[in-house]
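Data first, discussion second: the structure below is written as structure tokens.
Derivation of every value follows stated rules applied to the coordinates shown; laboratory data play no part. Quick caveat: nothing in here was measured; it's all calculated off a predicted structure. Cβ: placed from backbone, ideal geometry, glycine included. Neighbour counts: every protein chain shown.
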Ligand code: ADP
Ligand code: RBF
Ligand code: MG
């Protein structure tokens, strides 16, 4: 797939407790989700890519879930990014830039939370391996990430 670039502020999600699962996901506000989906034909599913916070020096690996949010009665999609590194503290309100670079799988229903967590761990393992591909690695230094923002 061609890369899809999305950026916006990190807002409070819907308290489904992904942090308690050990897999926190940074959520974008609805307006950002809507325009990203509309202007890129972004289908529901699980993807891998790169993420950067504010003007930080590092671009991190990430996995992202694009899907329907049940709390909006299935009329609004959410875009939730799990950055594949540990942070000392939360970064609500930070400016998050992501490049969605490859598709992993469709969103699925699971019989248990344990199964969902196992699937996400599998996604992370796949992203960790795939993002080493030179053509995907190259996107870390794209203009989208290197441009310095006034925040
Ligand atoms: P919410 O429902 O508010 O999105 P989560 O339980 O999904 O809550 O936690 C997401 C928040 O955790 C992010 O907005 C961010 O501030 C913080 N966070 C800490 N580490 C990470 C990480 N590695 N990836 C994504 N978010 C993280
Ligand atoms: N939710 C699902 O219902 N089905 C999925 O297949 C699914 N896959 C996910 C994959 C990744 C990489 C991430 C970060 C999240 C995924 N989620 C999935 C969303 C998960 O349910 C959500 O983050 C929690 O409910 C907390 O909001
Ligand atoms: Mg979240």
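Is it the case that some residue within the range 4-16 is farther than 21 Å from residue 144 by Cα, within 12 Å of ligand 2 (Cβ to nearest atom) and touching a strand residue (DSSP E or B) at 6+ places or on another chain (Cβ under 6 Å)? There is at least one residue in the range 4-16 that is farther than 21 Å from residue 144 by Cα, within 12 Å of ligand 2 (Cβ to nearest atom) and touching a strand residue (DSSP E or B) at 6+ places or on another chain (Cβ under 6 Å).
Within the range 79-96, not a single residue is in contact with a strand residue (DSSP E or B) (Cβ under 6 Å, 6 or more places away or on another chain), more than 14 Å from ligand 1 (Cβ to nearest atom) and within 27 Å of residue 150 (Cβ to Cβ).
I'd like to check something: does the range 37-47 contain any residue that is within 13 Å of the chain's Cα centre (by Cα) and within 12 Å of ligand 1 (Cβ to nearest atom)? No, the range 37-47 contains no residue that is within 13 Å of the chain's Cα centre (by Cα) and within 12 Å of ligand 1 (Cβ to nearest atom). The set of residues in the range 10-44 being closer than 19 Å to residue 84 by Cα and in contact with a helix residue (DSSP H, G or I) (Cβ under 8 Å, 6 or more places away or on another chain) consists of 21, 22, 23, 28.
Those helices (runs of 4 or more DSSP H) of the range 31-146 in which at least 2 residues are in contact (Cβ under 8 Å) with a residue 12 or more places away in the chain and away from ligand 2 (no atom under 14 Å from the Cβ), considering only elements entirely within it, cover 143-146.
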